[in-house]
Structure formats: C-alpha cells, structure tokens
1. Is it possible to state the helix-based mean residue ellipticity at 222 nm for chain B, with each DSSP H run of 4+ residues giving -39500 (n - 2.57), the sum divided by total residues, to the nearest 500 deg cm²/dmol? What is it?
2. DSSP H helices in chain B with Cα extent of 20 Å or more along the helix axis and mean Kyte-Doolittle hydropathy at least 0.0?
3. For segment B:131-207, what is the percent of antiparallel DSSP beta bridges, rounded to the nearest 5?
4. How compact is segment B:60-233 by the rule of thumb for globular proteins, expressed as Cα Rg over 2.2 N^0.38 Å?
5. Along its principal axes, what span do the Cα atoms of chain B show, with the longest given first and each in whole Å?
6. What size of dipole, in debye to the nearest 20, comes out for chain B about its Cα centre when the only charges are +1 on Lys and Arg C-beta atoms and -1 on Asp and Glu C-beta atoms?
7. Report, in debye and to the nearest 20, how large the dipole of segment A:68-124 comes out about its Cα centre when Lys and Arg carry +1 and Asp and Glu carry -1 on their Cβ.
8. Give me the net charge of B:N3's neighbourhood, meaning all other residues with Cβ under 13 Å from the Cβ of B:N3; Lys, Arg count +1, Asp, Glu -1.
Amino acid sequence: MLMEIADTLRTKLDPRKTLNSLRGDADSSNSLTGSGPGYDSGNDPRNDSEPELHKERTDNSDTIKSSRNGKAPLIKLTDVWKIYQMGEVEFAALKGIDLEIYEGEFVVVLGPSGSGKSTLMNLLGCLDVPSQGTVSLNSRDISRMEESELAQIRGQMIGFIFQSFNLIPTLNTLENVTLPLEFQEEEPSRARERAEYLLDVVGLSDKHKNLPSQLSGGQRQRVAIARSLAVDPPVLLADEPTGNLDSKTGDYILEFLDELRRKEGKTIIIVTHDLTPVQYATRVVHIKDGEIEKIEEVEGNYCKL
Amino acid sequence: MRNATYVKMALNMLLHSKLRSWLTIIGIVIGVGAVVGIISLGDSMEAQVQSSLADMDLTKITITPGYSGAQSRMPGPGGGGSGSDSSSTDSELTDDDVDALQGIDGVLYIDTQISGSEEVDYAGETATLSIAGVDPQVWQYMNTLEVESGRLLEPADNNVAVIGSSVATEIFDQEIGVNQVITVNDKSVRVVGVLEEEGGSEDRKVYMPLDSAVDLIEDAEEDVFDSIVVKVEDEDLVDPTIEEIEERLMISRQIHQEKDRDFSVSSSLSMAESVTEMTSSMTLFLGAIAAVSLLVGAVGIANTMFTSVLEKTKEIGTMKAIGAKNRDILLIFIVNSAMVGFVGGVFGVMLGGFVSTLFPYMGITLMKGAGSSSSSLSPDLMVFGLGLAILIGVVSGAVPAYRASKLKPVDALRYE
C-alpha cells in the first residue's frame with residue numbers, strides 16, 4: 001500500500017523534504033496521511049489512550065475483546081510462559097504474561113536485563129513460540145506453528161529493527177532494503193522501486209551502493225528502518241534501537257518511528273531498558289522477573305510534539 | 001524466493017568470501033584437474049591403441065617354443081616373438097611342426113621365422129640391429145608392411161634385405177637406399193627395399209630370406225625356427241584355429257599333459273585385447289587415485305562451508321527474522337557451494353587440459369610413437385568435469401546448508 005504513497009511522494013518532494021515533512025507536523029504532510037489506501041484517518045481516535053478500558057482489559061482480558069472501538073487486538077498474549085531447560089534446572093523466563101497490543105500503538109516494553117524482555121520480544125516477533133499459553137497475531141494463533149509458517153508471518157507482518165542494526169555486510173544499502181521483498185517474491189523491478197523510495201524517505205538516496213561498513217551508525221539504523229518497512233508490515237518491532245547510537249541520533253530515530261506511527265498507523269513496539277523511548281510511548285509495559293509489573297498509559301502523547 | 005535471488009545471494013557470498021574459500025577451490029581444482037587429465041590421457045591412450053590396432057593384422061597366430069601360462073596371454077610386443085627365448089628352453093620348433101600344421105581349415109599361409117641381433121656395418125659405422133629371417137615365399141602376403149622404395153622379399157631372393165625406415169634414415173649417419181650394400185656379420189647383403197615408417201621397434205628391423213638369415217645369425221640352425229606364424233582367413237577363425245593348432249602340436253610333439261607343454265600359441269587379436277584391457281585398467285587405477293584427491297577437495301568444501309555457516313550465523317538469524325524460510329537459507333548455501341564447485345570445476349578442467357597436453361612431452365606415450373591423436377579435451381569430458389565439480393559442491397555443501405537452515409532464529413540472532 002505504501003507504493004502509492006511512494007509515487008505521490010516522489011512526484012512532489014525531494015528526499016530531504018520528504019524527511020522533513022515526515023518529521024514535521026501532521027498538517028503539512030497530508031500527502032502521507034491521506035493517500036494510503038489502507039489508512040483511514042477516521043481511525044485516529046484509536047490512538048487515544050482510554051485508561052479505564054485498559055485497566056479493565058488487564059484485569060480481565062477475555063471479556064474486553066471489543067475494546068479500542070471494537071477492534072480486535074493486533075497481538076494478543078494469553079498466559080504466556082517461556083521455560084528454558086538449563087541442564088537439570090528449569091528456568092522460567094516468562095511467567096504467565098497477558099498482553100494485548102492494538103494497531104497504532106507505540107508500546108515500550110521496559111525492563112532491566114534478565115527481566116525476560118528479550119524473550120518477550122522474541123514471542124511478539126514470532127521468532128519463537130511459547131512453552132505454554134497462546135500468542136495470536138491478527139487473531140491467528142501462532143503458538144503451535146511450524147517454523148516456515150512463522151517465517152511467512154514474520155516476513156509479512158513484522159519489521160525488525162535491531163540494536164546492532166543487523167544489516168547483511170556484503171550487500172549494499174539498496175540490496176539490504178530489497179532483501180525482505182525478495183523473500184516475499186516481490187517482482188524485482190517493483191522491489192527495487194520500493195527500496196529506492198524507502199531510502200529516499202530515510203534520507204539516504206545518495207547511498208544506494210554503499211556497503212553497511214561505509215555508513216555511520218545512525219545511517220545504518222536508518223537503512224535498517226527502511227528495510228523493516230520494505231514489506232509494509234503493520235508492526236515494527238525494535239530491540240534497543242538506540243542502544244548503539246548517540247543520543248541525538250537516537251532521538252532522531254525515535255522521532256522517525258513516532259512519525260511512522262502517527263502518519264502511517266504503524267504499531268511500534270520497542271523493547272529496551274533505556275528510558276528515552278518512553279516519551280514517545282502511548283503505553284509503557286514494565287516487566288520484571290518474567291512478569292508484567294505494571295502497564296502505564298501515557299495520555300495524548302502524540303500532541304506533545 | 002526466486003531462483004534468481006538464490007543465485008544472486010550465493011554469488012554475493014562467493015564474491016565476498018575470504019582467502020579461505022579460494023584455497024578450498026584450489027582443492028577442487030586439483031581434484032577435478034587430476035581426474036579430467038587422467039581420463040583424457042586414458043582416452044588418448046585408447047585412441048592410440050585403437051589406431052595401432054587398426055594397422056595391425058589381427059588374423060595372425062604366432063607359435064613360439066617354450067611355455068608358461070602367463071607368456072601365452074601376454075606375449076612381448078612385436079608379434080614375431082623374441083628369439084632369445086628359444087635358447088633358454090630345451091624345446092624348439094622344427095619342420096615337423098610345420099608339417100603338422102598343414103591342412104587346417106581357414107589357414108592361408110604359414111611363415112617360419114628366425115630372429116636374432118647381429119652387428120650391421122654400413123659406411124664405416126656399426127650398429128646392433130635385430131635381424132628377422134622370414135619365408136620369402138609367403139612373407140609378403142602375410143604382413144601389412146608397405147615399402148617406401150624398392151620392393152618386398154621375393155621367393156628367389158638370396159642375400160638381400162628389406163630394412164625398416166629407421167635403419168635406412170636414422171641409425172646410420174649416411175642414409176641407406178635401395179641397392180646399397182650393408183654388411184651383416186661380415187657378409188654383404190644388398191638392400192632391395194625400404195619400408196615405410198611404422199612407429200616402434202618394427203622400424204629398426206632388417207628382414208631377410210630365411211635361408212640367408214640362417215647363415216648370418218649365430219646359433220641358427222637349418223629347419224629350426226624361432227617362431228611359426230600362421231595367417232587365417234578371418235578374425236573369427238582365430239580362436240578355433242588356435243585350439244586346432246594346440247591340439248595338433250600336442251599330438252605331433254607327443255605331449256600328453258598340459259604341464260609338459262613346451263610351446264606357446266598366441267594371436268595378435270588376444271594381444272590387442274590384453275593391451276586394451278591393460279590400458280583401461282591403468283586408466284581406472286590412475287582415475288581412482290585422482291578420485292581420492294577429489295574426495296579430499298570435497299571434504300575441504302564441506303569444512304569451509306561449516307565455518308562459513310558458523311561465521312554467518314547472525315546473518316542467517318537476521319534473514320530469518322525478516323522473512324527467510326528454512327528452504328531459502330538452505331538453497332542459498334547449497335547454490336553457494338555449487339558455485340564453489342563450479343569455479344573449481346572451470347579451473348580444474350583447464351588444469352586437466354593443460355596436464356593432458358603435457359603428458360606426451362613427459363614421455364608417457366604408452367604405444368608406439370603414433371601419438372598423432374592429440375590429447376585435447378573432448379567437450380564431453382569438459383562437461384563431465386564441470387558436472388562432477390558442481391555435484392561435489394552440492395553434496396559436500398548439503399550438510400552445512402541443512403544445518404544453517406535449521407538454526408533457530410532466536411539462537412542465531414543471539415550469536416556473536
């Protein structure tokens with residue numbers, strides 16, 4: 001669906017301006033918000049936090065399926081356990097997690113190391129299946145799926161952003177961004193067009209042929225973001241995305257992600273131990289010792305900027 | 001994922017691979033080169049054998065005195081038998097034996113021969129050459145020799161000789177022509193013919209009528225022969241005729257048991273067969289040795305692929321995270337290892353071609369100098385070499401690639 005936006009944008013704006021408009025206020029970039037066919041501006045309210053409903057939901061998740069303006073949750077974890085066998089000893093990394101994440105949310109999962117947040121991220125990203133309980137994505141239960149099915153779902157639904165960028169070092173910028181589309185068997189010319197557009201959006205249109213090693217950390221993370229957007233997934237899952245970046249670059253990346261949420265309706269999930277992303281969050285999930293300690297709603301976050 | 005993408009990714013891996021991978025490729029280059037080179041050598045040897053067999057008269061049966069099981073199967077080259085054998089055994093072939101052979105169905109001619117090495121003088125130079133005394137009545141009908149100049153021996157000839165081409169042009173500084181006189185054991189012999197070049201020992205022979213040769217060759221006696229050569233009508237008659245000859249000679253020589261047998265019967269046909277057999281078994285043997293080096297190369301590929309998978313664990317994890325299926329990873333690595341095989345194969349075939357053209361210069365010409373059949377690689381062999389290399393790449397890359405494809409994304413991503 002972003003393809004259409006791409007065309008609109010390309011004709012109107014040069015890359016630098018595109019970026020500015022993405023970061024600027026919503027009004028000036030109506031080309032982005034308005035032209036995505038799958039994006040309905042009437043859905044905006046669902047981004048508003050509704051404290052009572054949320055509280056209720058966490059109390060009794062089963063009965064509140066119709067929360068958020070009647071929308072089913074995008075990702076839903078029900079009594080999820082993850083148990084690792086460490087020699088003789090069993091270690092529970094997650095102990096009965098219940099969590100629902102809705103479309104268009106900016107969720108920060110906050111926890112110290114060893115809290116089980118990485119395990120949680122793996123489950124949210126369909127990289128792993130729970131030992132017990134169910135994880136459903138778009139109302140599909142992924143808990144018992146085969147690896148190939150999971151790969152399919154990951155490839156279409158989730159864009160990964162890693163702390164250490166995880167670009168393929170032997171592929172140039174453009175090829176890195178094209179790669180997810182190739183796994184989805186997108187037609188090569190369209191894939192290339194899409195990748196070029198996304199590199200435009202992240203402001204790296206002059207770096208197509210550069211290898212990751214020839215880019216700065218911030219540039220690499222922008223390539224990684226472009227890559228995560230390649231298949232236009234509804235969810236972006238970021239694992240300490242600013243961990244390897246200086247604070248200024250980190251802020252830029254976070255702002256960019258926030259823009260994606262607000263203009264494109266992407267669901268952003270950031271797993272971190274760092275408090276910086278919290279300021280962009282619509283919801284903060286505190287996790288400790290494999291359990292959800294508390295869930296904080298942040299009201300009207302998007303107005304803050 | 002599309003096939004073109006597998007190729008692209010695998011090629012990317014290959015192009016960015018480290019020195020280690022290229023060293024691996026050398027292993028395959030050597031293996032394929034050795035196999036291709038040896039097969040090509042075997043082919044050209046076989047071609048040589050075939051071409052000399054084509055020249056050979058396969059309807060001749062040679063009877064020589066003395067017997068051992070092996071000797072009858074593997075006679076010395078030249079078909080005429082070596083005369084020195086007769087002195088080492090008590091038995092000899094005589095007129096009686098020739099008489100016993102008369103009247104066998106399908107036999108065209110019977111030639112009696114003696115042979116020996118004697119000193120030949122010409123224009124002040126001396127050389128020791130092998131002299132063959134042949135029956136001038138039939139000799140000219142029994143062989144495929146052609147004269148370069150002059151003529152073959154004729155029944156009425158006495159004290160004349162037909163000489164091989166090397167005798168005429170190479171052995172003596174001064175060329176010997178027709179009607180020149182050479183001296184054999186102090187006796188003058190007139191040259192009546194010079195043979196065309198045959199290749200091999202035939203070129204260094206001097207042929208004379210039997211009666212004249214008996215006078216010249218030491219130890220030679222009247223009516224005692226070093227070999228009896230029988231020519232039959234047709235190749236198919238060779239085997240039955242051999243049986244018939246053996247039977248008749250056993251009776252005429254009054255031999256009752258196989259172990260007392262004192263003569264050998266061999267045919268150029270069985271000799272040709274055994275030479276062909278020997279060539280192919282030699283090729284097989286050398287090929288087996290070459291195959292070992294190919295096997296070592298395959299292990300090298302497997303080893304490098306394992307290391308490469310380990311090295312790329314995190315990339316594999318990343319690719320899986322962004323939607324690569326197990327099958328995608330498997331195929332990327334297999335195509336990569338097939339490419340390693342392919343590159344090794346290309347260079348290997350080149351090496352093999354180079355080696356096989358070198359062999360003749362290293363003196364490895366099994367057959368007589370008729371090495372006109374150039375040992376260039378046939379297209380079939382090139383395709384075979386390449387195919388083999390790719391196959392080895394795929395086979396030795398299969399296990400590492402499978403391992404890579406089965407990596408759990410979570411574990412792979414965590415790998416540093």
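1. On the way: 13 runs with 213 residues, N = 416.
Calculated at 222 nm, the ellipticity per residue is -17000 deg cm²/dmol.
2. Working: long enough: B:19-55 (53 Å, 1.11); B:238-252 (21 Å, -0.11); B:268-311 (63 Å, 1.19); B:326-358 (47 Å, 1.55); B:379-406 (39 Å, 1.19).
Long hydrophobic helices here: B:19-55, B:268-311, B:326-358, B:379-406.
3. For segment B:131-207, the DSSP antiparallel bridge percentage is about 60.
4. Numbers: Rg = 15.7 Å, N = 174, 2.2 N^0.38 = 15.6 Å.
It is 1.01.
5. Its Cα atoms span 99, 54, 33 Å along the three principal axes.
6. Values: 26 positive and 59 negative charges, 1285 e Å.
With Lys and Arg at +1 and Asp and Glu at -1, about 6180 debye.
7. Values: 6 positive and 7 negative charges, 31 e Å.
Magnitude of the dipole: close to 140 debye.
8. Values: positive: B:R2, B:K8, B:R327; negative: A:E182, A:E185, B:D328.
Residues close to B:N3 contribute a combined charge of 0.
The numbers here are math on the coordinates, done by the rules we state, and not lab data. Predicted, not measured: the structure shown is a model, and the values here were computed from it. Note: ideal-geometry Cβ built from the backbone for every residue, glycine included; neighbour counts use all protein chains shown.
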